[in-house]
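To start, the structure itself, in structure tokens.
The values are calculated or read from the model by the stated rules, or taken from the named source; none is laboratory data. Everything numeric in this text was worked out from a predicted model, so none of it was measured. For neighbour counting, all protein chains shown are included, and Cβ atoms are generated from backbone atoms with ideal geometry for every residue, glycine included.
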Amino acid sequence: MKRKSKYKIFKGFDSKAKAEKYFDSLCVLYGQGVNGDAISLKTRKWANRDKTRYYVRQLVRRGSK
């Protein structure tokens with residue numbers, strides 16, 4: 001069975017600048033990771049609508065390929 005990576009989403013934003021500001025504040029607060037796990041910024045764009053969301057998330061479980 002293929003294992004997939006699991007993420008915990010801290011917060012979602014409409015603006016990239018707000019998402020990056022929150023991401024930077026988490027990196028300063030926790031260093032490079034929260035509880036040793038990586039923090040990342042995920043962009044989701046809908047093709048049929050003019051909508052983009054930005055999510056700040058934490059890697060909870062790393063999957064295998």
Inter-residue pairs, beta-carbon under 6 Å, first of a type in the set (Val, Ile, Thr) and in the range 1-16, second surrounded by 11 or more Cβ atoms within 10 Å (Cβ to Cβ) and outside any loop (DSSP other than H, G, I, E, B), 6+ apart: 9/55; 9/57
Any pair with Cβ under 7 angstrom, 6 or more apart, that starts in the range 47-61 at a residue that is under 24 Å from residue 6 (Cα atoms) and ends at one that is of a type outside the set (Lys, Arg) and not in a strand (DSSP E or B): 53/14; 54/19; 56/19; 56/22; 56/23; 56/26; 59/5; 61/5
Tally, over the range 1-51, of residues that are touching a Ser or Thr at 6+ places or on another chain (Cβ under 9 Å), at pLDDT below 90 and either among the β-branched types (Val, Ile, Thr) or more than 21 Å from residue 62 (Cβ to Cβ) (or both): 1
